[in-house]
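Novice: Structure below; questions to follow.
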Amino acid sequence: MHIKTQGLILRETNYKEADKILTVLTREGGRRTVKARGCRRKNSPLAASAQLLVWSDMTLFDYRDRLTLNEAEPLELFWGVRSDVDKLALGSYFAEVAEAVAEEGRPDQALLSLVLNSLYALDKLKKPLPLVKAAFELKLLCVAGYEPLLDACAVCGEEEPADPRLDIEEGVLHCAACGLGDGASRTLDCTSLAAMRHVVYGDPKRLFSFPMDAPGMAKMSTACEDFLRTQLDRGFRTLDFYHQLTDAAPAASQPQQGGAAP
């Protein structure tokens, strides 16, 4: 049986002499494992589409619950991501996280849209990478069922805590004075809290459209990354590699002030 779909390559693994085993996030079937035969041969018509982070029209052949890539036409290769090592590392992290939360055979349009929009932001929008990363991590948790409660302090009910904290184990906001076990909490400020509320409760089409200063960005980056690691209870090799690149970069490449999207 032939299946026509669209898919984003989340992982590629060389197999035998000229094949690849692909992990694909498809529009209709969620995460799927697909064999791309002969795609590593010179002039293979599948070569362009059988690469990490390529979004394509695909024709899959389903035989005994095993999928083979028969035809593919690239729709978006995200050249702006591929040409920048930091962006490529971050895009690879997005793919690894998406693979971890996606379910085999279960469509998840919200997850697919988030990953594609985040890659587009890296590719086209002139946003600081830490801003895109933090927004992706926080929205990913919402999509995966770990949405934090950020509307008010979970203890006293104050909507605008003077000294807010995010409990990364419980996923709730609280005042510093109220406390919920400081070891599991990350410090926020009014700017980072407003940005996180925008990501969680705002229009997904304007996910990356929020103002951010350097101190707020630093707090949001720490909180969102630690929240994701805690809720998914794992680390990511691509995230470690991204930090190796960016932590060693000069100060000029560290988080800068980002305005609202045009």
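Every read-out reported here was derived from the displayed coordinates using simple, explicitly stated rules and does not represent laboratory data. All figures in this text were calculated on a predicted structure; none of them were measured in a lab. As a convention, Cβ positions derive from the backbone with ideal geometry for all residues, glycine included, and neighbour counts pool all protein chains shown.
Novice: Among the listed pairs Lys16/Lys87; Lys126/Lys205; Lys87/Lys219; Lys127/Lys219; Lys124/Lys219; Lys16/Lys124, which are separated by more than 28 Å between their Cα atoms?
Specialist: Correct reply: Lys16/Lys87; Lys16/Lys124.
Novice: Report the Rg/Rh value for segment 2-76, based on alpha-carbon coordinates and the Kirkwood definition of Rh.
Specialist: In segment 2-76, Rg relative to Rh is 0.91.
Novice: To the nearest 20 Debye, how big is the dipole of the chain about its Cα centre, given +1 on the beta carbon of each Lys and Arg and -1 on that of each Asp and Glu? If you can, show how the numbers build up before the last one.
Specialist: Details: 31 positive and 37 negative charges, 293 e Å.
Charge dipole of the chain: 1400 debye, to the nearest 20.
Novice: Another question, then. Under a 5 Å amide H to amide H cut-off, with H placed in plane at 1.01 Å, what residues pair with Glu28 once short-range neighbours are removed?
Specialist: When sequence neighbours closer than 5 places are left aside, the close amide H contacts are Gln6.
Novice: Apply the Karplus parameterisation 6.51 cos²θ - 1.76 cosθ + 1.60, with θ equal to phi minus 60°, to every residue of segment 2-17 and state each ³J(HN,Hα) to the nearest whole Hz, in sequence, with x for glycine and proline.
Specialist: 9, 10, 9, 7, 10, x, 10, 6, 9, 7, 10, 10, 4, 9, 6, 7
Novice: Here's another thing I want to ask about it. So what's the net charge close to Glu12: Lys and Arg +1, Asp and Glu -1, counting the other residues with Cβ under 11 Å from its Cβ? Let's see the in-between values first.
Specialist: On the way: positive: Arg11, Lys20, Arg40; negative: Asp19.
Taking every other residue near Glu12 into account, the sum is +2.
Novice: Which percent, to the nearest 5, of DSSP beta bridges fully inside segment 79-253 are antiparallel?
Specialist: 90
Novice: Moving on. Rounded to the nearest 20 debye, what is the charge dipole size of segment 121-253 about its Cα centre when +1 sits on each Lys and Arg Cβ and -1 on each Asp and Glu Cβ?
Specialist: 720
Novice: Another question about this same structure. Using the beta-carbon distance between Asp84 and Ala184 and R0 = 41 Å, what value does 1/(1 + (r/R0)^6) give for FRET efficiency, to the nearest 0.05?
Specialist: Taking R0 as 41 Å, the efficiency between Asp84 and Ala184 is 0.75.
Novice: Could you compute Rg(Cα) / (2.2 N^0.38 Å) for the chain, with N its residue count?
Specialist: In units of the globular-protein estimate, the chain measures up at 1.09.
Novice: May I pose another question? With unit charges on the beta carbon (Lys/Arg positive, Asp/Glu negative), name the residue among Ser49, Ser185, Ile9 whose Cα is farthest towards the positive pole of the charge dipole of the chain.
Specialist: Ser49
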